[in-house]
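Have a look at the structure below, then the notes.
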Amino acid sequence: MKQKMIVAAVLMAMTGATYAAETTTMDEVVVTAPQSTQPLTVKTDPKKPRQPVPAHDGADYLKTIPGFSVIRKGGTDGDPVLRGMAGSRLNILLDGEQILGGCGGRMDPPTAYVFPSSYDSITVLKGPQTVIHGAGNSAGTVLFERSTKRDEAGLSGSVSLMAGSFGRNDEAVNAKVSSDSAYLYAGMTRSQADDYKDGNGVAVHSAYNRWSANAAMGWTPSDDTRLELTVAKSDGKAAYADRSVDGSKFARDNVGLKLDKQHMGGVLDSIEAQVYYNYIDHVMDSYSLRAGGNPASAMAAMNPDRKTTGGHFAGTLNLAEVSQLKLGVDTQSNVHTGRSGAAPGYPAGMMNPGDYTLLPRVKDAEFKNVGVFGELHQDVSDASRVIVGLRADSWQATDARSMVMRSMMTSVMNPTANKTRKETLTSGFARYELDVNEGYTAYVGLGQTSRAPDYWELFSSESMTTASAFNTKPEKTTQLDVGMNHRGGALSASVSAFYSKITDFNLIQSNVAKGMDLVKVTRNVDASTYGAEAGVVYQLTEYIKVDGSLAYVHGNNDTDGTALGQMSPLEARMGLNYDNKMWSFGGLVRGVAAQDRVAVNQGNIAGQDIAASKGFAVLSLNGGWRINKAAQLTAGVDNLLNKMYAEHISRAGAMVSGFTQTTRVNEVGRNLWVKANVDF
């Protein structure tokens, strides 16, 4: 299969020559990381070739951006971590929509439903320095977006094929038909891989198969008006090396409607409105993707789902030539249910409810949030500006559980059964930006945000004193951000630093003894973090450039006087690249320091610290051929020296029949890949 994919990729790339004979500049290979060009903002094109191997899900792509790490669980669906913060502290939006996974064990974070090559841009907004993209973005906001521009009439699109080691093969195709006043878009992606091997040649239970399909129909009577209806479906299955079950279903159904009207000419310059519906139907089981599972057991399969509906309306006001104000309201509600039982076809027994697909779904949680916001952009002078924002949220949660499952064999009464709690949460920020001189921009920002506990903090854990964590307090983050960006001539560079104080931080602690059971609890503690990221690109000659990045974060549990769990160690990347606009060659060295500041059994909803970890360095190489303006062929080898290593924040390895158990879920060994892109 791999050989066929490689041949197909090469033939597709060469066929692209029929589109245009002229050789022109195409996308460079992104090696170390996308560069920050605006204060606290990183924007990149996920369709560009890149090293390491092109990403198959959202977390896999984000880990190439300085400040991000990923909690590995298997071959796919890792949890992204920004500046040591994970889960709902990192607000992730797909074309403006919020999507929430169903798995109580974070088998499906929002990025599990992201297929990067189907999006046109990824934007990262670091820190609590915006209020217009929803509540609780204490670590930052990530926007996965598709282009909404009005195209010339005609047909356009792209095709990409990729093949790699361990049975990896990806296919993606998208096409758009446009007229003067309307367009129709459709896209499909598929990604598959077998179990990979680490640097010691040890197989990791990690195979996966993912696909997605999306379509959009738009009406564009002018360049400034767009009405768009979107639909999307996706599904997949994935093996996990960190637990006793695998994911056999990751179905998503989506419908959305958007209206944008720009450059209206009056004080009200633009309006935007959006409504959406997302449904996640997830199945985890112990029998379909691994040996030794009993499909007839009472807990053979678990089938949570979540329905999320939401929308927002915002208007931009031109108050004066130097003042612009964006005002809006957004809303989001979601309902989580679940059921569990034997595999399909197995009858009910004395202690077994039978086929889970025949059982009713039982609601355990419901959330509602309505927020109002305003963000002002005020020019102070030709070279300076102030951006300020305020936000208020009305949040509500209902605990519908009658019992709390403490273990596979133990359930206890829920002390907060059928209770509803409500909170009013406020957030705000102020940032000053100064263009020091041509090409240099300095900034300082202070932000404060209140974040309500999420589903996993409230419903997947207990408290220290009761069987329910439903009364966990919201956490409040106050953060100072400073930095400088430079872009001009042969040098592009950025540096940013932050210091954060977190009141009532929602700490997850595992292996807490309660009677005969070891349980996971949510605790409120006070915490502080600080760190920095830096990136640089320097064009040595017309064809040769060097680039590098550095990221560091330090966390303290101030209440306990210990380290804060799940803090990624110091990381550096350095790349050297040659590119003559037809041929390109490059190398990447990624070095990660040892991490001995740990809080064993403490962390976040995605993982807890295991032990101290060793440092490592990994070398990767890549090359590319721009065949013409329409076609490009890239290839690479990641982890060239076949290094055996694991990320510090990786999940612990579980005992899986037929596989060797490891301390952490180890990373991929030597990995070869080739990819072809054709635009038309």
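Data table
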{"quantity": "Tensor-based shape of the chain (alpha-carbon gyration tensor, a/c under 1.5 rounded, otherwise prolate or oblate)", "calculated": "rounded"}
{"quantity": "At most 15 other Cβ within 10 Å, DSSP loop - chymotrypsin sites (Phe, Trp or Tyr not before Pro), segment 502-611", "calculated": "Tyr543"}
{"quantity": "Relative contact order computed over segment 2-679 (Cα-Cα under 8 Å; 6+ residues apart), in percent", "calculated": "14"}
{"quantity": "Segment 523-564: relative contact order in percent, alpha carbon pairs under 8 Å with at least 6 residues between", "calculated": "46"}
{"quantity": "Peptides ranked, highest mean first, by Cβ atoms within 10 Å: ranges 281-293, 395-407", "calculated": "281-293, 395-407"}
{"quantity": "Dimensions in Å of segment 539-680 - Rg and Dmax from alpha carbons", "calculated": "19.6, 60"}
{"quantity": "Two-site label geometry, Asn418 and Asp151: point separation in nm, points 7 Å out along Cα→Cβ", "calculated": "5.5"}
{"quantity": "CD proxy at 222 nm, helix term only [per DSSP H run n ≥ 4: -39500 (n - 2.57); per residue of the chain; nearest 500]", "calculated": "-1000 deg cm²/dmol"}
{"quantity": "Per DSSP, loop trypsin sites (Lys or Arg not before Pro) in segment 577-675 with at most 14 further Cβ within 10 Å", "calculated": "Lys581, Lys614"}
{"quantity": "Positive dipole terminus of the chain, leading residue within His648, Ala493, Pro80 (C-beta point charges)", "calculated": "His648"}
{"quantity": "Cα-Cα over 21 Å, subset of Lys368/Lys501; Lys422/Lys476; Lys149/Lys258; Lys614/Lys643; Lys422/Lys520; Lys43/Lys614", "calculated": "Lys368/Lys501; Lys422/Lys520; Lys43/Lys614"}
{"quantity": "Antiparallel DSSP beta bridges within the chain, percent to nearest 5", "calculated": "95"}
{"quantity": "Asp253-Ser381 FRET efficiency (beta carbon distance; Förster radius 51 Å; 0.05 resolution)", "calculated": "0.50"}
{"quantity": "Where GluC sites (Glu not before Pro) fall in DSSP loop in segment 412-489, at most 14 other Cβ within 10 Å", "calculated": "Glu438"}
{"quantity": "For Phe313, Phe250, Phe429, order by how many other beta-carbon atoms lie within 10 Å, fewest first", "calculated": "Phe313, Phe429, Phe250"}
{"quantity": "Contact order normalised by residue count of segment 350-497, Cα under 8 Å, 6+ apart, percent", "calculated": "18"}
{"quantity": "Burial ordering of Lys233, Lys126, fewest other beta-carbon atoms within 10 Å first", "calculated": "Lys233, Lys126"}
{"quantity": "Amide H within-cut-off set for Thr559, under 5 Å, with H built and near neighbours excluded", "calculated": "Asp526"}
{"quantity": "Ranked list, fewest to most other Cβ atoms within 10 Å of each Cβ, for His648, His377, His336", "calculated": "His377, His336, His648"}
{"quantity": "Charge tally in the Cβ shell below 9 Å around Trp673, where Lys, Arg are +1 and Asp, Glu are -1, Trp673 excluded", "calculated": "+1"}
{"quantity": "Nearby aspartates and glutamates by direct alpha-carbon distance to Lys419 (threshold 19 angstrom, same-chain neighbours under 8 apart not counted)", "calculated": "Asp364, Glu366, Asp399, Asp454, Glu457, Glu462"}
{"quantity": "Proximal aspartates and glutamates relative to Lys545, as straight alpha-carbon distance under 13 Å, when same-chain residues fewer than 8 apart are discounted", "calculated": "Glu28, Asp579"}
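No value in this document is a laboratory result; all are computed from the given coordinates. Source: prediction; values computed, not measured. For neighbour counting, all protein chains shown are included, and Cβ atoms are generated from backbone atoms with ideal geometry for every residue, glycine included.
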